[in-house]
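Visitor: My questions all concern the structure below.
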Amino acid sequence: MDYHSVYKRWQADPESFWMEAAENIDWEQKPTFALNDSNAPLFEWYTDSYVNTCFNAIDRHVENGRGDQTAIIYDSPVTEKKEHITYAQLLEKTSVLAGSLINKGITKGDRVIIYMPMVPEAIVAMLACARIGAIHSVVFGGFASNELAVRIDDAKPKTILAASCGIEPGRIIEYKPLIDGAIELSKHKPESVVILQRPQSVASLIPGRDFDWDEFQIDAESADCVMVEGNHPAYILYTSGTTGAPKGVVRPTAGHLVALHWSMKNIYNVDPGDVFWAASDVGWVVGHSYICYAPLIHGNTTVLFEGKPVGTPDAGTFWRVISEHKVKAFFTAPTAFRAIKREDPEGKFKSQYDLSCLQALFLAGERADPDTINWAQNLLGVPVIDHWWQTETGWTIVGNPTGIESLPIKVGSPSVPMPGYDIKILDNDGNELSNGELGAVAIKLPLPPGSLPTLWNAEERFKKSYLATFPGFYETGDAGLIDDEGYLYIMARTDDVINVAGHRLSTGAMEEALSNHADVAECAVIGVSDQLKGQVPLGFLCLTKGVNRPHEEIVSECIKLVRNQIGPVASFKLATIVPRLPKTRSGKILRATMVKIADSQEFKMPATIDDPTILDEIKVSLQSLGYAV
Ligand code: COA
Ligand code: AMP
């Protein structure tokens, strides 16, 4: 069948489309219907089913003869370690950890925070939670104590599963002081912390609260899968929004299973047994969906890579991993390819490896610029497939479904909507725009299985953030256009979220951190273009009256402040002191205009601007940092 027929089949009868897709999941109790619209505009899928994610990701494969197949290939150039874990071994490790969690009194519905680097135990931890119906929330290791504390207070975990350290090129990140700091800051106090002691840095444990990973599991018995309702939250993943408070995206169990299974063949064109590699981090949605869950649910082998595209040890690392482990489909963010291109523009490292196993490269997480796509395509000689999605959806909104039909690639477009997604481009008043016109990208409700039904403990915020602007639609926060052949082009965000090296960050959160500096009276953070990371944050600081300390000192303190409060991942390294900020007469800071000036783009003088001469001052400040030239 071709893409258009599949899409039309979904449009004509979404209910039977998703009931048929559900046949690929092993249910304790099969759903009798797919969509539950009884509480519209909030929707659920497969509400009356009973199912377990871990059973579908591990047990059923062992029962069906895949026990000896490698489930996880751990490849860690930063520790010079490699390990193959079979499905049978994964079952053993996961069910014992699940048993230990039960021994600690953790049961269905309890939250567990996972704060771990890219080690196999991170996946074991996620699956062990799923096994007993506990709701995990993985926090990316690049976030500092304060961000971890915010998530602890929102998710209220009974326990934290963590490692003693993460490893960044050239330095060890000790996790334990960050965890202790977070628990000190948080109002909610988790009962226990379980630490995987890594030899690179052994953490000291607080007696009574902290447990060693191995000792914690010594007397535990294997736990069986606990079946949960189809709408039971599988996990919470916090993501950046406009304000400093992150949004707890809830992933529903049954829809997640069905959608991810469907995506593996239809989008990525892999069959059970094939090796799939997503070079991301378990702390991001790509890591949840395509390092952990989807490949395992589908019976693939997943690669867990603890390293960077360059410097671990060189710009040929990706090619080594692909050839050594026979990767068939590879998924990463464009920034990784920009990093490789910068180190090895002629792609010389590639000649050392046989990459004939590779079928396609998939890119997502940020806009894939044509230069990067063309370079990757020329180097690898395989299709480079851009696809667009969000933490909120958990799988592709717009892509090229290579397992159904490889559609012609239009460089700069992630291609076409997947079944389940009816995309419209709307103007500010919610009117549908014609082909070629730029507007807000919105998705007609309901969203398909797998996407968020709500935000954790914040239904009103969910409605306000996503459903209020365009009634009947989900607001994606992206702006774009659709061409005459139905291809979507994503152009920009419509809010204050920025994308730094494929990481989604809130400028609002950085502004909140900066305003804690005693000398800062007011500030604004914008995302400016960056050749490697796509965007980087840049802060404008207005000082409190009477402060006359050296500006460099204040700037450097502010940079440290953001690093300590949000984390190194914010990449906040640029700030400048300005006498005042450009605002509208009603007091709104003109961030979008500042971005245009920084990126040397043309801009219209906002009609509501209070004092246009401020823009000249901003330009001069930007020029001193090498922007707006
Ligand atoms: N724990 C602690 N610190 C971390 C971290 C982690 N898990 N991940 C990143 N950091 C730190 C980095 O060490 C760096 O610190 P520095 O400012 O002291 O140098 C900072 O956070 C910024 O990291 P990053 O944005 O990753 O930049 P980088 O310069 O280290 O590497 C790339 C640049 C392009 C190589 C890197 O961003 C990359 O591999 N990107 C792949 C994209 C990706 O995985 N995206 C995920 C979504 S699909
Ligand atoms: P995240 O939730 O971290 O996956 O970030 C989602 C956001 O990243 C989207 O809303 C887009 O702004 C951006 N994004 C992700 N994939 C793409 C893509 N293929 N093209 C353009 N932007 C993308």
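The values are calculated or read from the model by the stated rules, or taken from the named source; none is laboratory data. Here the structure is a predicted model, which is why all the values come from computation and not from measurement. Because the Cβ atoms are built from the backbone with ideal geometry, glycine has one as well, and the counts that use them run over all protein chains shown. Ligands, DNA and RNA are stripped out before the accessible areas are found, and what is left, the full protein with its side chains, is counted by its heavy atoms. Shrake-Rupley method; radii C 1.70, N 1.55, O 1.52, S 1.80 Å.
Visitor: With the requirement that a residue be within 15 Å of ligand 1 (Cβ to nearest atom) and either within 20 Å of W319 (Cα to Cα) or open to solvent by less than 10 Å² (accessible area, probe 1.4 Å) (or both), what does region 264-285 give you? Give the steps one after another, and end with the answer.
Guide: As a first pass, look at region 264-285 and keep what is within 15 Å of ligand 1 (Cβ to nearest atom): 268, 276-285.
If the condition is that a residue be within 15 Å of ligand 1 (Cβ to nearest atom) and either within 20 Å of W319 (Cα to Cα) or open to solvent by less than 10 Å² (accessible area, probe 1.4 Å) (or both), then Y268, F276, W277, A278, A279, S280, D281, V282, G283 are the ones that fit.
Visitor: Find all pairs meeting these conditions: Cβ atoms under 6 angstrom apart; at least six residues apart or on different chains; first residue within region 88-99 and open to solvent by 10 Å² or more (accessible area, probe 1.4 Å); second residue in a helix (DSSP H, G or I).
Guide: As it stands, the answer is A88/V62; L91/I58; L91/V62; K93/V124; V96/Q217, since those pairs meet every condition given.
Visitor: Looking only at residues that are within 16 Å of ligand 2 (Cβ to nearest atom) and crowded, with 20+ Cβ neighbours inside 10 Å in region 555-570, which one is farthest from N146 (Cα to Cα)? Spell out how you get there, then give the answer.
Guide: Residues of region 555-570 that are within 16 Å of ligand 2 (Cβ to nearest atom), as a first pass: 566-567, 569-570.
The next check asks that each one be crowded, with 20+ Cβ neighbours inside 10 Å; those that pass are 566-567, 570.
On the way: I566: 7, G567: 9, A570: 13 Å.
Restricting to residues being within 16 Å of ligand 2 (Cβ to nearest atom) and crowded, with 20+ Cβ neighbours inside 10 Å, the top hit is A570.
Visitor: Something else about it: Could you list, in sequence order, all residues of region 290-305 that are within 16 Å of ligand 2 (Cβ to nearest atom) and not aromatic (F, W, Y)? Before the answer, list the steps.
Guide: Here is the first cut: in region 290-305, the ones within 16 Å of ligand 2 (Cβ to nearest atom) are 290-294.
Of everything in region 290-305, those that are within 16 Å of ligand 2 (Cβ to nearest atom) and not aromatic (F, W, Y) turn out to be I291, C292, A294.
Visitor: Ok, one more. Just to be sure I understand the filter: pairs with C-beta atoms under 7 Å, separated by 6 or more residues or on different chains, first member in region 294-310 and under 16 Å from H325 (Cα atoms) and small (G, A, S), second member away from ligand 2 (no atom under 16 Å from the Cβ) and assigned to a strand (DSSP E or B). Which pairs pass?
Guide: Note: pairs meeting the criteria are G307/S76.
Visitor: Okay, next question. Condition first: outside any loop (DSSP other than H, G, I, E, B) and of a type in the set (F, W, Y). Can you find one or more residues in region 25-37 that meet it? Steps first, answer last, please.
Guide: As a first pass, look at region 25-37 and keep what is outside any loop (DSSP other than H, G, I, E, B): 29, 35-36.
Narrowing the set further to residues that are of a type in the set (F, W, Y) leaves none.
The answer is no; no qualifying residue exists.
Visitor: Follow-up question, since we're still on this one. Within region 162-193, track down each residue that is open to solvent by less than 20 Å² (accessible area, probe 1.4 Å), without any contact (Cβ under 8 Å) to a residue 60 or more places away in the chain and outside any helix (DSSP H, G or I).
Guide: Scanning region 162-193 gives A162, A163, S164, C165, G166, S186, V193.
Visitor: Right, something else. Could you list, in sequence order, all residues of region 467-501 that are away from ligand 2 (no atom under 12 Å from the Cβ) and not charged (D, E, K, R)?
Guide: Once the filter is applied, which keeps residues that are away from ligand 2 (no atom under 12 Å from the Cβ) and not charged (D, E, K, R), region 467-501 yields L467, A468, T469, F470, P471, G472, F473, L481, I482, G486, Y487.
Visitor: Still on this structure: Return the only residue of P370, P401 being more than 16 Å from ligand 1 (Cβ to nearest atom), modelled with pLDDT under 95 and not aromatic (F, W, Y). Outline the logic, then answer.
Guide: Details: P401 fails: modelled with pLDDT under 95.
Answer to the check: P370.
Visitor: Scan A40, A34 and give me the residue that is open to solvent by less than 30 Å² (accessible area, probe 1.4 Å) and over 25 Å from the mean Cα position of the chain (by Cα).
Guide: On the way: A40 fails: open to solvent by less than 30 Å² (accessible area, probe 1.4 Å).
Matching residue, one of A40, A34: A34.
Visitor: From the set of residues in region 398-452 that are among the hydroxyl-bearing types (S, T, Y) and part of a loop (DSSP other than H, G, I, E, B), which is surrounded by the most Cβ atoms within 10 Å (Cβ to Cβ)?
Guide: That would be S451.
Visitor: Taking region 195-219 on its own, how many of its residues are in contact with a strand residue (DSSP E or B) (Cβ under 8 Å, 6 or more places away or on another chain) and either free of Cβ contacts under 8 Å to residues at least 40 places away in the same chain or assigned to a helix (DSSP H, G or I) (or both)? Steps first, please.
Guide: Taking region 195-219 as the starting set, the residues that turn out to be in contact with a strand residue (DSSP E or B) (Cβ under 8 Å, 6 or more places away or on another chain) are 195-198, 200-201, 203, 205-206, 209-213, 216.
Restricting the remaining residues to those that are either free of Cβ contacts under 8 Å to residues at least 40 places away in the same chain or assigned to a helix (DSSP H, G or I) (or both) gives 195, 197, 201, 203, 205-206, 209-213, 216.
Total meeting the criteria: 12.
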